[in-house]
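Encoded as C-alpha cells, the structure appears first; notes follow it.
The values are calculated or read from the model by the stated rules, or taken from the named source; none is laboratory data. All of these numbers come straight from a predicted model, not from anything done at the bench. Every residue, glycine among them, receives a Cβ derived from its backbone with ideal geometry; neighbour counts consider all protein chains shown. To get the accessible areas, we keep the full protein, side chains included, count just its heavy atoms, and leave off ligands, DNA and RNA. Shrake-Rupley method; radii C 1.70, N 1.55, O 1.52, S 1.80 Å.
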Amino acid sequence: MRLKLIAGAIAVIASVSACQTNKPKSESELVKDSTAQTTTKTLLDSFKQNKDESAFLISLYKKLGQQPKDDKGTPYRLIKTEEIKLYGSDRPYTLAYVDEIDGAMSGWPYKELFILDDKGQIKGNFLTQKYEPVTAFENQSPLLMITEETSKANGIHHFVGINKDSVKEYLNTKDWTIQTIDGNNYSPKILPFELKDVNNDKQKDIIFSGLKNNKPFTMSFVWDPKKEDFELDETKK
C-alpha cells in the first residue's frame, strides 16, 4: 500500500513539472531570455546583424566610460568601419572611424579611430585626420600609418601593427621627442614619407623629407631587427 502511495506522489510531481515546463513564459521572462541572448553576442556581431549605429557607438564608448555625444549633446557619427589584416596577425581586425563633432581642444581633430579585435575589444584608439595601410615588410600584411596632431598643429606619425593580440608601435619617436608633423603658426606641415632601403639590408626603411629653416632635410628611420622597430638614424638626418 505504501509503495502505491509513493508511486502516486511521483506521478503527481511529474505531471506538475510537465505543466510548468509547457506553461507559456511571461513577458518579463521573455525579455530576460532576449537580454541573455544579446549579451552572448559580441559588439561587432550585434552591429553586423542590426546595423544600429547608435547602439554600436553607445556600447563602444561605454568601454571608455564615456557617452558618444559632444558637449552640446550632439550625437557622434560613425564615418565607416572596415576589416584589415595588420602586420603581426593572421586574423582581421576592425577599424571603426568616428566623427566626434566638436569639443575641447584636447580632442582635436574630433575624429577617432578605433582598432577592435573580433570580440569587439578596443586594442587601440587614436585621434586622427588620416590613416592608411603601408607595406613595410615583404610578403607580410601592412602596418597602419596614423597621423596624430595637436590643436597647435604639431604631431607625429604612428606606424602600428599587432603583437600578441595588442597594438604595437613600430616607429620610435621617443614619446613625441621626434616630431614628424611640424606646427608653424598653427598651420600643420605634415612631412611626406616614403619607404625604401637606405642601408642596404634588404629591408625598407621609413624616410621623411621636407624643409627646415627653408633648407631641405630628411629624417631616416631604419629598421632595427633586435628592437623590432624603426629607429632614427642620426647619421642620415
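Under 15 Å of direct C-alpha separation, and excluding same-chain neighbours fewer than eight residues apart, residue 51 reaches these aspartates and glutamates: 82. The string of couplings for segment 127-135 from the Karplus curve (6.51, -1.76, 1.60, θ = phi - 60°) is 7, 7, 9, 8, 8, 6, x, 9, 8 Hz, one whole number per residue in order, with x for Gly and Pro. Label sites at residue 97 and residue 215, each approximated as a point 7 angstrom past Cα along Cα to Cβ, lie 3.8 nm apart. Taking amide H as placed 1.01 Å from N in the peptide plane, residue 168 has its amide H under 5 Å from the amide H of 161, 162, 163, each at least 5 places away in sequence or on another chain.
Once C-alpha pairs closer than 8 Å and six or more residues apart are averaged by separation and normalised to the residue number of segment 43-181, the relative contact order reads 16 percent. Heavy-atom accessible surface of segment 43-181, averaged per residue, reaches 51 Å², computed with a 1.4 Å probe. Along each principal axis, taking the top coordinate minus the bottom one, the Cα set of segment 82-237 gives 46, 40, 21 Å in descending order.
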